[in-house]
Structure formats: C-alpha cells, structure tokens
Amino acid sequence: MNLKKEFRQKAILGFFVGAFVGVMITVYTTTFSYNDGMVHYCVPEFVDLIGNELTAFTLEVLLSGIYGIVGIGGCVVYRIESWSALKAFSVHFSTTVLSYLAVGLFLHWWSPSNPMDFIIMIIIFVACYMLIWGWNYFFMRKRIERINEQLTKKRDPGTSDDVSDRINK
C-alpha cells in the first residue's frame, strides 16, 4: 500500500479516535476538577471565550479530531524506508507534542499563566506517548521474530543473518 493511501486511511481513523478520546478526557477531567455537580463537555473558560457551549463543543470535537489525524495519520513516517527509526520517532514525537500543546492551549486544557499546568501536560503526553510507542515496538519486534523464524526454516541451516540481528546492531 502506498503512503498516501495509508495516510488517508489512518487519518480517517485518527479523526474519530482523536475526537472521541479528546471529548472523553475533557468530560472526565473537567467534570471532576470543577466538582460542582454538573457534567462539563468543555472547559468552562473555553465556553466563556467562545460564548456558546455548542460551538465550543463542536470546536473541541474538530480540534481533537485533527489532533488524532496528526497522531495516528502521522505514524506513516515510520513507514518511510529512507528514514532511520530515530528520524521517524523524532519527527512524529515533535509533531504530535507540538500539536497536543497547541490544541490544549486553544481549548484551555492548560493555562500559560500556570507553569505547573504545562509541566503536567508534558508529563502526561510523554507517558502516554512512550506507553503507546513501547506497545507498538514490542508487537513489531514479536512480528519480526516470527518472520525470521519462518525465513530460517526456509533457508539453509547455519546462516544467522536475520532481520532482528540487523535491527539490534
């Protein structure tokens, strides 16, 4: 599959996942942090800025969806064969963290006047990113090991040049 087609497919999935996860996290964290007996679909300061809860919620869904496109759709950088794993990781990480901070700032997930909000947002992002990255790395490594086992069975015994050896170097 070519990268453009793969990006389109992942971008569609990313939009819906991003919108859903963004709204769920906002509802959960905002409702419990305000603890006023109401369910908040958006940060109240963002609703005040926009002036209308429905418009604020719509913007939140759209921006969370766009963030999902960046995160999930952007993972096609790992499929660019001419790029090293470090370059793909660096590009994907920096793009997603910058998008996360920009969307979070606009939606009032964090306040620039409170440095602790910023630090907490970075810690949460890095923890989630590394968890997802580690999960994917583990499963890709297992997949490569299975492929190598199949290749070893098909080739002459006594050769040891396999894909996982080259990855570990």
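Annotations for the structure displayed:
- Qualifying residue in region 68-76 (condition: closer than 15 Å to GLY104 by Cα and surrounded by fewer than 20 Cβ atoms within 10 Å (Cβ to Cβ)): no
- Residue pairs meeting the criteria (Cβ under 8 Å; at least 6 apart or on separate chains; first over 26 Å from THR96 (Cα atoms), in region 127-149; second assigned to a helix (DSSP H, G or I)): ILE144/VAL163; ILE144/SER164; ILE144/ILE167; GLU145/SER164; ILE147/VAL163; ASN148/VAL163; ASN148/SER164
- Residues within region 88-119 that are surrounded by fewer than 13 Cβ atoms within 10 Å (Cβ to Cβ) and either within 17 Å of the chain's Cα centre (by Cα) or not β-branched (Val, Ile, Thr) (or both), tallied: 7
- Taking the criterion of being in a helix (DSSP H, G or I), charged (D, E, K, R) and at pLDDT below 90, the residues of region 144-165 that qualify are GLU149, LYS153, LYS154, ASP165.
- If you go through region 88-109 and keep only what is closer than 22 Å to HIS40 by Cβ and either outside any helix (DSSP H, G or I) or in contact (Cβ under 8 Å) with a residue 40 or more places away in the chain (or both), you end up with VAL103, PHE106, LEU107, HIS108, TRP109.
- Among the residues listed as VAL27, VAL77, VAL61, VAL39, the single one being modelled with pLDDT of 95 or more and hydrophobic (A, V, I, L, M, F, W, C): VAL61
The values are calculated or read from the model by the stated rules, or taken from the named source; none is laboratory data. Note that the structure is predicted; figures quoted are calculated from it, not measured. Heads up, the Cβs are rebuilt from the backbone with ideal geometry, glycines too, and the neighbour counts pull from every protein chain shown.
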